[in-house]
Amino acid sequence: MTAYTHLITVPQLQTLQASDAPLLVVDCSFDLADPAKADAMFAEQHIAGAVQAHLDRDMSAHSAEDAVNGGRHPLPKRELLAHTLRALGLDNAMQVVVYDRNGANYCGRLWWMLKWAGHDAVSVLDGGLQAWVAAGGATQSGPAPAHRAGNFELGAPLRRLVLIDEVIAQLGRPTQTVIDARGALRYRGETEPLDPVAGHIPGALNRPFSDNLGADGHFKPAAQLKQEFDALLAGHDAGGVVHHCGSGVSAVPNVLAMELAGYAPASLYAGSWSEWSRRPELPMARG
């Protein structure tokens, strides 16, 4: 079976479903302003057979002892992540398809986490739930039915996590290129609705994660993404790119888009601005 490792189209997913191949479909829809709404969205409509992964419950650590990094949505330690993935029903032989109705913002988080857990066969449904519904794909309502636990075991990480001390140590050096996925107003420090200080990491470039999608809600063509990232980098070292955002979630569409454009996988600083801005001794920039 061909493994889908980045994007999967609606027809490709429908073919997989019809083939009875080992498959796990995960709905990651979320509302940052109203986390409880995620359950309501899933219950209202989801892809038939999908299970739910909740950003707060399933994709973030619940205590400092369980966390790898700081910030508003800290990553859980890999062993805890493996436990969560087994609870979702994951086996190592499965193809995973993740989706949301939020422009790949939240499902991108699970895509990256699965790569970090050593599971390469994970892809983002291009166009999300909206594309699935528009194509007449089968949906269900109500809570996810009971399902068996999986037997997933961790593998070597397939994507690189960068912690705050490394970002600090490399700050200002040509070997590190920080890309900030937040909107331009937050990047420039003109507004900050979530974190204690407005601004950005000094020297960071700005690429709002929504810039990776076309008007149709699908990822832009690879050639267009390559052109746009080439223009953004403008001589900066692509091999030293470190992606971040507010809390390590919306940076991932940039990670994925760079790979679609043909770049080697870049690093993720998951603590992001929500961790950085809580360290008043660290430099911060505006404008």
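Each row is one residue, and each column tells you yes or no for (1) under 18 Å from V255 (Cβ atoms); (2) assigned to a loop (DSSP other than H, G, I, E, B); (3) of a type outside the set (A, V, I, L, M, F, W, C).
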| site | (1), (2), (3) |
| --- | --- |
| H83 | no, no, yes |
| V98 | yes, no, no |
| G103 | yes, yes, yes |
| H119 | yes, yes, yes |
| L154 | no, yes, no |
*Residue tally, condition assigned to a loop (DSSP other than H, G, I, E, B) and among the polar types (S, T, N, Q), over segment 238-287*: 3
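Rundown of residues vs (1) touching a helix residue (DSSP H, G or I) at 6+ places or on another chain (Cβ under 6 Å); (2) of a type in the set (D, E, K, R); (3) more than 23 Å from G150 (Cα to Cα), yes/no style:
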site	(1), (2), (3)
Y4	no, no, no
Q14	no, no, no
S19	no, no, no
D27	yes, yes, no
M41	no, no, yes
*Kindly list the number of the only condition in (1) in a loop (DSSP other than H, G, I, E, B); (2) outside the structural domain of D91 (by TED's automatic domain parsing); (3) in contact (Cβ under 8 Å) with a residue 40 or more places away in the chain; (4) closer than 19 Å to A270 by Cα that fails for I168.*
(1)
*Could you count how many residues in segment 87-133 are more than 13 Å from the chain's Cα centre (by Cα), among the hydrophobic types (A, V, I, L, M, F, W, C) and over 17 Å from F42 (Cα atoms)?*
7
_Residue identified as assigned by TED's automatic domain parsing to the domain that holds T177, surrounded by fewer than 18 Cβ atoms within 10 Å (Cβ to Cβ) and modelled with pLDDT of 95 or more among G235, G199, G214_ = G214
_Residue, nearest to the chain's Cα centre (by Cα), within segment 38-70, restricted to residues that are closer than 14 Å to R101 by Cα and exposed (fewer than 14 other Cβ atoms within 10 Å of the Cβ)_ = A40
*Please indicate, with yes or no, whether at least one residue in segment 85-97 is among the β-branched types (V, I, T), surrounded by 15 or more Cβ atoms within 10 Å (Cβ to Cβ) and touching a Leu at 6+ places or on another chain (Cβ under 9 Å).*
yes
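Yes or no, residue by residue, for (1) crowded, with 20+ Cβ neighbours inside 10 Å; (2) touching a strand residue (DSSP E or B) at 6+ places or on another chain (Cβ under 6 Å); (3) not assigned by TED's automatic domain parsing to the domain that holds A104:
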{"position": "P174", "(1), (2), (3)": "no, no, yes"}
{"position": "R186", "(1), (2), (3)": "yes, no, yes"}
{"position": "A222", "(1), (2), (3)": "no, no, yes"}
{"position": "D230", "(1), (2), (3)": "no, no, yes"}
{"position": "H243", "(1), (2), (3)": "yes, yes, yes"}
{"position": "V249", "(1), (2), (3)": "yes, no, yes"}
{"position": "N254", "(1), (2), (3)": "yes, yes, yes"}
{"position": "M258", "(1), (2), (3)": "yes, no, yes"}
{"position": "A261", "(1), (2), (3)": "yes, no, yes"}
*With respect to A3, is the statement that it is modelled with pLDDT under 95 and not in a helix (DSSP H, G or I) true?*
yes
_Verdict on S29 being part of a loop (DSSP other than H, G, I, E, B), in contact with a Lys or Arg (Cβ under 6 Å, 6 or more places away or on another chain) and among the polar types (S, T, N, Q)_ = yes
_Close pairs (7 angstrom Cβ cut-off, 6 or more residues apart or separate chains): within 13 Å of Y106 (Cα to Cα) and outside the structural domain of V25 (by TED's automatic domain parsing) in segment 120-135, in a loop (DSSP other than H, G, I, E, B) and at pLDDT 95 or above anywhere_ = none
*Look through R159, R148 and report the one residue that is more than 17 Å from S247 (Cα to Cα) and modelled with pLDDT under 95.*
R148
*Search segment 193-235 for residues being assigned to a loop (DSSP other than H, G, I, E, B) and among the basic types (K, R), and hand back the single one that is nearest to D100 (Cα to Cα).*
K220
_Cβ pairs under 8 Å, 6+ apart, first in segment 66-83 and among the basic types (K, R), second not in a loop (DSSP other than H, G, I, E, B)_ = R72/S274; K77/D66; K77/A67; R78/W116
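Just one of E190, E153 is under 15 Å from R286 (Cβ atoms), among the acidic types (D, E) and either surrounded by 13 or more Cβ atoms within 10 Å (Cβ to Cβ) or assigned by TED's automatic domain parsing to the domain that holds L110 (or both); which is it?
The match here is E190.
The values are calculated or read from the model by the stated rules, or taken from the named source; none is laboratory data. Just so it is clear, the model here is predicted, and its values are computed rather than measured. In this analysis, Cβ positions are derived from the backbone assuming ideal geometry, glycine residues included, and neighbour counts consider all displayed protein chains.
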